1. Right, residue 495: of a type in the set (Phe, Trp, Tyr), closer than 19 Å to residue 434 by Cα and either within 21 Å of the chain's Cα centre (by Cα) or at pLDDT below 85 (or both) or not?
2. Over 22 Å from residue 315 (Cβ atoms), within 19 Å of the chain's Cα centre (by Cα) and part of a loop (DSSP other than H, G, I, E, B), is that true of residue 67?
3. Suppose the filter is open to solvent by 20 Å² or more (accessible area, probe 1.4 Å) and either assigned by the TED database to the domain that holds residue 66 or of a type in the set (Val, Ile, Thr) (or both); does residue 151 pass it?
4. Could you pull out the residue among 527, 507, 542, 516 that is part of a helix (DSSP H, G or I) and either at positive phi or modelled with pLDDT of 80 or more (or both)?
5. So, of the residues in the stretch 467-492 that are open to solvent by 20 Å² or more (accessible area, probe 1.4 Å) and among the hydroxyl-bearing types (Ser, Thr, Tyr), which turns out to be modelled with the lowest pLDDT?
6. Kindly evaluate residue 178 against the criterion of being under 30 Å from residue 78 (Cβ atoms), under 31 Å from the mean Cα position of the chain (by Cα) and open to solvent by 80 Å² or more (accessible area, probe 1.4 Å).
7. Looking only at the stretch 70-89, count how many residues are under 19 Å from residue 153 (Cβ atoms) and surrounded by 14 or more Cβ atoms within 10 Å (Cβ to Cβ).
8. Count, please, the residues in the stretch 197-226 that happen to be loosely packed, with under 11 Cβ neighbours inside 10 Å, within 33 Å of the chain's Cα centre (by Cα) and of a type outside the set (Asp, Glu).
Amino acid sequence: MPVNELLVCDRCWHAAGGEDAVVTTIDEDGHLTVDLEGTAEFEALVAAVEEYDARHPIDRCLIEAGIRWETLRWIAIPARCDLVRYVLERVPPRYSRLALSPDAWMEAVAAHIEQQTGPGQEFRYNPKRRRWWRIANVLRCCSDCQGRPLTWVSQEEIAAAVGCSTRTVRRCVAWLQREGLLHEVLPGLEKLARQFVPDDETAAEQAEREARAAAAEAAEDAAVARAMAELDAVRGGLFGDQAAEAAADALSPEHAAALAAVEELEQGWVQLVPVYELRTPMSAAERAEEAAITRAHTKLSDSPGDALARHYMAELVPVANAGVYRELFAIGHDGQLTRLTGTDAANAVTSGNAVGLLRPDQFGHPPKVILNDLLESSSKQTVDNRPASPGSDQKGFRPSQKGADSAVNGRTRPSEGDRPKAQQSEAVRAAEWLLRSRLHPVLCEDVSVRWLASLIRGSRLLSEWRWTWDDLADLIHGVPEYPHLPYDIRNSPGWIKARFKRAIPQLPPAALRRRLAEPDTDRALLLEHARLLGAPDRVLTLIASDDETSQHHRDQAERAQLADGAAKRAAIDNCPLCDEYGWLTTDPTDPAAPDVRCNHDLSTGGW
């Protein structure tokens with residue numbers, strides 16, 4: 001009889017009730033089906049887990065970082081991306097681990113306070129020691145006792161509970177972080193963009209939102225009615241506060257109530273309190289054990305993939321955060337890199353098919369495989385055991401000498417102290433120069449030297465086409481297509497990458513500018529040449545527009561401006577309402593009446 005397989009972990013097996021929760025049924029086809037049916041609490045737990053797994057990886061990462069879903073679902077999507085960046089950039093203190101429980105963490109805090117109590121130490125006075133112990137106790141009371149040891153509480157609430165200032169709370173939190181007892185997972189943020197429609201909106205929330213929208217529309221109509229009433233009051237001879245009071249008295253009760261409730265319609269911002277992780281520092285024995293384990297793994301891992309992962313150890317992406325990224329490089333055991341999605345890359349590392357993960361934006365191209373012999377210390381060099389030549393111990397030597405100090409067949413090298421540093425490539429030096437002293441600050445956001453150097457190196461504009469660094473700067477700034485940068489560039493790496501794609505290697509920006517400035521340049525021939533090279537339309541238009549055409553456009557604009565001025569002067573001269581400068585007095589009998597610009601319309605009285 002066919003039967004299905006039931007695979008259950010030990011935790012789910014015991015939570016469901018063990019053998020009592022196993023239910024077997026036979027369907028119409030004669031197949032035996034084995035299911036696990038637990039209590040109502042167990043089924044609710046399984047449903048919650050399935051709902052959590054169905055969420056976006058960014059939402060799951062933020063929920064694991066301590067943001068409750070009731071708060072997260074109101075935060076706008078761009079703000080969530082910023083929060084994920086905050087979480088991924090923060091690294092826990094070295095030589096520390098998660099606290100086993102809040103009580104164990106409190107014991108570690110008390111031990112550190114006791115060790116640093118005494119003259120000349122951190123806690124010289126008993127009031128400070130008691131106050132900081134109370135601050136740590138508030139953090140312990142606000143932590144999660146079931147899952148990850150996270151604590152959520154604002155500094156103002158801690159200060160109110162202990163009876164101190166927020167400055168004292170900040171000093172205590174900084175000390176806990178220095179001692180490796182606290183790790184800030186997420187900073188406190190007061191102004192996060194709020195969504196108009198939250199995720200998983202309920203029927204009650206939808207009705208409330210629709211009512212709020214109707215109230216906002218009524219408030220807008222009331223504001224228009226009040227503005228019209230104020231204009232009527234001004235026409236009637238009232239100004240300033242008198243006109244405002246008259247308009248308020250003329251409003252209907254419905255409009256007045258709508259304006260009174262307009263402040264309650266604003267949703268405001270989403271606020272987040274700081275999220276801290278309780279940690280305990282490792283002892284000296286545990287540190288030594290961890291170092292020994294690391295050395296043992298280093299000796300045992302001799303595959304090219306392990307060597308590559310060890311070389312880029314500081315840049316590896318944790319497996320827990322792989323789902324946040326769209327694509328990642330998975331390092332295979334053979335040292336080859338495979339571009340996979342975030343979820344597939346995490347599964348590759350978990351299953352043992354990959355040894356590490358790298359971000360694609362760290363490299364313009366996949367890094368080369370680093371063999372073990374290339375990772376050995378640079379001080380290990382081939383020694384020339386032949387006898388030294390006379391005079392070789394003198395300072396300096398001639399290249400033609402044949403001795404132990406001369407490079408014979410590349411077998412000897414200068415000592416490590418005299419060895420010059422490796423010179424950086426031209427692409428790296430150009431990228432550093434562009435980011436530090438040449439590019440606009442807007443273009444430098446989220447752009448690293450390594451990424452820009454890989455882009456320059458891949459374009460081959462410096463190595464093969466002999467472009468200068470100024471040509472690269474003009475290309476990135478949009479010269480000669482754009483005389484000025486756009487007002488708002490939201491994606492600086494995308495702008496730079498698009499500019500490199502539109503580059504014409506045979507026609508650098510400086511050469512094009514120089515040829516356009518020369519008076520004897522054959523623009524028709526240059527235009528044909530640029531068209532054959534595939535130049536953009538803006539460049540072709542710039543080449544086709546000669547000086548005579550530009551002067552014609554300038555003359556035409558100047559004539560239009562003079563005609564506009566003459567028309568305004570004729571309207572002022574023919575208007576019987578305003579003075580010679582075009583100003584109109586609203587009330588000739590009142591010296592304090594304001595003057596307005598006349599529109600020369602007799603039907604409206606000039607304004």
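The values are calculated or read from the model by the stated rules, or taken from the named source; none is laboratory data. This is a predicted model, so every value here is computed, not measured. Ideal geometry is used to build each Cβ from the backbone, glycine not excepted, and the neighbour counts take in all protein chains shown. What goes into the accessible areas is simple: the full protein's heavy atoms, side chains included, and nothing from ligands, DNA or RNA. Shrake-Rupley method; radii C 1.70, N 1.55, O 1.52, S 1.80 Å.
1. The answer is yes for residue 495.
2. So residue 67 passes the test.
3. No, not satisfied.
4. 527
5. The qualifying residue modelled with the lowest pLDDT is 487.
6. The answer is no for residue 178.
7. 5
8. So the answer is 2.
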